[in-house]
Amino acid sequence: MKTPVTMIGLGPMGRAMARAYLGAGHPVTVWNRTTSRADDLVAAGATRAATPAESVAASPLVLLSLTHYAAMYEILGDVGDALAGKVVVNLGSDTPQAARDAADWLAERGAELLVGGVMVGADTVGTPDAYVFYSGPRSVFDEHEPALRVIGRPDHRGSDPAVAQLFYQALVHVFVTTLATFVQGAALLGTAGVPAREYAPLADELVELARSAFGVAAANIDATSTRTTAPPRR
Ligand SMILES: NC(=O)c1ccc[n+]([C@@H]2O[C@H](COP(=O)([O-])OP(=O)(O)OC[C@H]3O[C@@H](n4cnc5c(N)ncnc54)[C@H](OP(=O)(O)O)[C@@H]3O)[C@@H](O)[C@H]2O)c1
């Protein structure tokens, strides 16, 4: 039997993940603050938990897809002993420190945390293009890697819980700032009536040039780095 999974948080991302698990034949239990968001998933075969505690008790693997980590404490704060022995996979975006604090909070309740950084939009979840950064205990990741693979290629980056958030933020930063500078360039040229389509291929060439410099820049950064490293974790 496939690993039973619990999905807590049924925004666009959590709903796409729940659908992927149902499609892959996993028993799926769902809980969401706004209960109606689970209706179509229940119709498709998911089990609706009446309470967060019931949802956590239903599966060894508890996935969270919430706006931020604060919601995790609101939802799981009152589940009592239900978290003991569970693996919680928090797939929401938040700060690196929020991820480290969550690992400690869950450890106090007997649960392990895997932090996930989802690198695609909800419509790409479960497709060959989807990938997710993870951090947390390697042995826990290895044990659940087949189930994690359902939503996207799992890419474990280290035991420090913060690392998946940092990879997510670093790469989103590259993407968003590249787009933002492109739009700013279009606005500059637009003041002289130059259409964006005339400038787009030239910007494309320059982005290619910047990409070709990443390897050299990385080598220089690493050779001169004085960065501090986080304290070793489990
Ligand atoms: N959507 C994407 O394409 C995408 C891509 C990469 C990463 N992410 C990350 O994935 C996470 C989920 O994103 P999303 O797009 O699905 O939508 P979202 O709006 O960020 O998350 C919505 C979910 O969080 C729940 N929630 C928020 N605050 C809560 C609280 N205080 N108590 C209980 N539940 C609470 C909502 O419950 P209700 O339904 O009751 O409001 C809903 O289930 C986010 O951290 C986002 O940054 C999303």
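Overview of results
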{"read-out": "Folded to 0 to 90 degrees: helix 96-108 orientation relative to the chain principal axis, Cα", "value": "10"}
{"read-out": "Positive minus negative residues near A43 (Lys, Arg vs Asp, Glu; Cβ under 14 Å)", "value": "+2"}
{"read-out": "Helix 12-23 axis, angle to the chain major axis (alpha carbon atoms, nearest 10°)", "value": "60"}
{"read-out": "Likely footprinting exposure, T47, T35, fewest C-beta neighbours within 10 Å first", "value": "T35, T47"}
{"read-out": "Radius, Kirkwood style, for the chain when every pair of distinct Cα atoms is counted (Å)", "value": "19.5"}
{"read-out": "Residues whose placed amide H lies under 5 Å from that of Y131, excluding near-sequence neighbours", "value": "M119, V120, R153"}
{"read-out": "Length-normalised contact order for the chain - Cα pairs under 8 Å, 6+ apart - percent", "value": "15"}
{"read-out": "Max mean-square fluctuation residue, GNM over the chain, Cα-Cα springs under 10 Å, options A70, A162, A217", "value": "A217"}
{"read-out": "Positive minus negative residues near S65 (Lys, Arg vs Asp, Glu; Cβ under 14 Å)", "value": "+3"}
{"read-out": "Helix 162-190 axis, angle to the chain major axis (alpha carbon atoms, nearest 10°)", "value": "40"}
{"read-out": "Residue among S59, S212, S93 with the largest mean-square fluctuation in a Gaussian network model of the chain, springs linking Cα atoms under 10 Å", "value": "S212"}
{"read-out": "Segment 1-126, dipole about Cα centre (Lys/Arg Cβ +1, Asp/Glu Cβ -1), debye to the nearest 20", "value": "360"}
{"read-out": "Antiparallel content of DSSP bridges confined to the chain, in %, to 5", "value": "15"}
{"read-out": "Low-density loop cleavage sites - trypsin sites (Lys or Arg not before Pro) in segment 23-70, where at most 13 other Cβ are within 10 Å (DSSP)", "value": "R33"}
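Quick note: the coordinates plus some simple rules give every number you see, no bench work behind them. What you see is a predicted model; the values in this text were computed from it and never measured. Using ideal geometry, Cβ is built from the backbone for each residue, glycine included, and neighbour counts are taken over all protein chains shown.
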